[in-house]
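*Asks:* Below: one structure in structure tokens.
The values are calculated or read from the model by the stated rules, or taken from the named source; none is laboratory data. Predicted model only: the values in this text are computed from it and were never measured. Glycine also receives a Cβ, built like all others from the backbone with ideal geometry; neighbour counts cover every protein chain displayed.
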Amino acid sequence: MGLRRRISLYLVSILSVLALLTLIVLRWGSHEKAAQQEEVEARADLHRLMSTLQARTLEVNGTLKSWANWTALYQHLLHRTTQFRQNELSVDALAVADVDFLLLLDLQGKVLDMSEVPGAQGETPVTDETQQRGYAYPGYANLSPTGRGCGAIKARARVALVCFSPVVDSEGKGSPRGLVVIGQWLSDEMVQQVSELTGIRFSIVDVPNAPLIVKSPLVVDNVFRQELVQVMAHEHDIELRYPITSLFGNDIAQVRMSWPRRHAQLASSSYDTTQAVVIALILTCGVLLVLLLDRVVVRRLNRLREELALIVDSKRWTGEVTVSGHDEMAALARYARELVTVVRHQVQELKNLSQTDALTGLPNRRAFNERLEHMLAQYARQQLPAALILMDVDYFKKYNDSYGHPAGDDALQKVAQCLRSCLRRELDLPARLGGEEFGVLLLGVSAEQAVAVAEQIRAHFQGMGIAHRANLPLGVMTMSLGVAAVSATDTTTSLYRRADAALYQAKTQGRNRVHQA
């Protein structure tokens, strides 16, 4: 029997027993109790939320009392004046009182006056609703035996908390001359404030196609008075929907509250007894599984792992993988050996590509920087003299502009050819650093010898006679070079800066020359 079949047989047998026992154990637990507790707590939070919204209604009612017991307003209902209207019933006056709209009605419910603070888009829902559906207001007079109360209304798909009361003088004397109705929108801002205050996420959702009809008189002591709550359980939260009923008895909106299912999540992750039993069973079967598989798989896998670890730790992908047997493990070892061989070749190719400039074939800046650090380290250990040469083709941009980029690429290849011709020692490293900038690292040379090498490079490149009509007076391509010998205080940065400064001096002094730092 092959390795795969033997492992499959062992796993199927043992895991089947584990699955059966695990199912039996998991049946001990149940989310029913957690779900019941969640609904109780969610309803309690909903009750708290409704109490907070009811408190907002009481605030509106408190504001209403100052209007309903105002002698000036009482007199205005008898003799309405423009001045009182402009001073006391203006939009600014409503905003100061934190009221969104106000209506004055006579005792029969006819609208005598109204004022409304426009919304962010300039909308005035109550004003528009009043002009179209004024027939509803006579119902206010019959809503309460005392002629006063609070509730909710809907105007243009928006819900408002409203309170109304008969208007008398400030001493509470005199027969009522009309009704005053004030309201405050259940706006997004109010929802956010209440949500932050209670820590409960909720929203006010419109109930479409809710006709505004006057039913039999209602008791208006409580805006949120219905006990019918819809509860919908989802995977991560419980959604509760609570209807908002208008003063006139029809459902106009819903309070939708989202309550996180903390108990269900806790129950899913904290069945300690069940987990302990399952872990004990898995450990027991795991020990048996290990004993069974140790002879067949583990020892050979460990040997393969150790050999691969040695190959990886070498960072050069050297070493071999041992192949023994003719089963699946042996096939795996053969594939691993072939993979190591492929990776070894790929790593070497990538290393070569990462350190070679594609255009000129010279080492690139990365290889240059590695050699530069190595050179400075040798100087620090052995005081082996060394130097850095930086060079730049004169007026190369003008050359590109005059002859085109293909010709510029060809010129850069000529620079590489020049460097290879002038540098014969294995210790010398020419490199393309970017654009028309090249560098040379010289190991085991004095400053005078480095200057001589730089002058040889300059003369050889000029002698190649590459036509460059913008480089006068010679009319051929030349280069400027800066030389810096390594000193005891040099770092890679300081040495490069000194050579670059020398190159800059060569350019400012007329180009086509060598300058020593």
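*Asks:* List the number of the failed condition for Leu433; all other conditions in (1) over 19 Å from Arg497 (Cα atoms); (2) crowded, with 19+ Cβ neighbours inside 10 Å; (3) under 47 Å from the mean Cα position of the chain (by Cα); (4) not charged (D, E, K, R) hold.
*Replies:* Only one criterion is unmet by Leu433, namely (1).
*Asks:* Examine the stretch 122-130 for a residue that is assigned to a strand (DSSP E or B) and assigned by TED's automatic domain parsing to the domain that holds Lys65, and state whether such a residue exists.
*Replies:* No, the stretch 122-130 has no match at all.
*Asks:* Among the candidates Val445, Val415, single out the residue that is of a type in the set (Val, Ile, Thr), on the phi < 0 side of the Ramachandran plot and assigned to a helix (DSSP H, G or I). Can you show your working first?
*Replies:* Values: Val445 fails: assigned to a helix (DSSP H, G or I).
Answer to the selection: Val415.
*Asks:* Taking into account only those residues within the stretch 13-46 that are in a helix (DSSP H, G or I) and at pLDDT below 70, which is surrounded by the most Cβ atoms within 10 Å (Cβ to Cβ)?
*Replies:* The initial filter retains those residues of the stretch 13-46 that are in a helix (DSSP H, G or I), namely 13-26, 32-46.
The next check asks that each one be at pLDDT below 70; those that pass are 19, 23-26.
Values: Ala19: 10, Leu23: 9, Ile24: 10, Val25: 17, Leu26: 13.
Residue satisfying both the conditions and the ranking: Val25.
*Asks:* Let me ask you something else. Do we find that Leu423 is within 51 Å of the chain's Cα centre (by Cα) and under 28 Å from Ser354 (Cβ atoms) in this structure?
*Replies:* Working: within 51 Å of the chain's Cα centre (by Cα): no; under 28 Å from Ser354 (Cβ atoms): yes.
So Leu423 fails the test.
*Asks:* Return the residue satisfying two criteria in turn: it lies in the stretch 471-490 and is closer than 25 Å to Gly404 by Cβ and touching a helix residue (DSSP H, G or I) at 6+ places or on another chain (Cβ under 8 Å), and of such residues it is surrounded by the fewest Cβ atoms within 10 Å (Cβ to Cβ). I'd like the intermediate steps shown before the answer.
*Replies:* Of the stretch 471-490, the ones closer than 25 Å to Gly404 by Cβ are 471-480.
This time we only want the ones that are touching a helix residue (DSSP H, G or I) at 6+ places or on another chain (Cβ under 8 Å), so: 471, 474, 476-480.
Values: Asn471: 20, Leu474: 12, Val476: 15, Met477: 23, Thr478: 19, Met479: 24, Ser480: 25.
The extreme case among them is Leu474.
*Asks:* If you don't mind, there's one more thing I want to ask. Would it be correct to say that Ala431 is outside any helix (DSSP H, G or I), in the same structural domain as His374 (by TED's automatic domain parsing), small (Gly, Ala, Ser) and over 23 Å from Asp401 (Cα atoms)? Give the steps one after another, and end with the answer.
*Replies:* Numbers: outside any helix (DSSP H, G or I): yes; in the same structural domain as His374 (by TED's automatic domain parsing): yes; small (Gly, Ala, Ser): yes; over 23 Å from Asp401 (Cα atoms): yes.
Yes, satisfied.
*Asks:* Would you mention how many residues in the stretch 448-470 are part of a helix (DSSP H, G or I) and touching a helix residue (DSSP H, G or I) at 6+ places or on another chain (Cβ under 6 Å)? Working first, answer last.
*Replies:* Within the stretch 448-470, the first condition is being part of a helix (DSSP H, G or I), and the residues that meet it are 448-463.
Then keep just the ones that are touching a helix residue (DSSP H, G or I) at 6+ places or on another chain (Cβ under 6 Å); that gives 456-457, 460-461.
Of the residues in that region, 4 qualify.
*Asks:* For Gln75, indicate whether it is modelled with pLDDT of 75 or more and within 20 Å of Val181 (Cβ to Cβ).
*Replies:* Details: modelled with pLDDT of 75 or more: yes; within 20 Å of Val181 (Cβ to Cβ): yes.
Yes, satisfied.
*Asks:* What number goes with the only condition from (1) surrounded by 13 or more Cβ atoms within 10 Å (Cβ to Cβ); (2) out of contact with any strand residue (DSSP E or B) (no Cβ under 8 Å at 6 or more places or on another chain) that Glu448 does not pass?
*Replies:* If we test Glu448 against (1) surrounded by 13 or more Cβ atoms within 10 Å (Cβ to Cβ); (2) out of contact with any strand residue (DSSP E or B) (no Cβ under 8 Å at 6 or more places or on another chain), just (1) comes out false.
*Asks:* Which count do you get for residues in the stretch 64-93 that are under 45 Å from the mean Cα position of the chain (by Cα) and either touching a residue at least 24 places away in the same chain (Cβ under 8 Å) or not in a helix (DSSP H, G or I) (or both)?
*Replies:* 1
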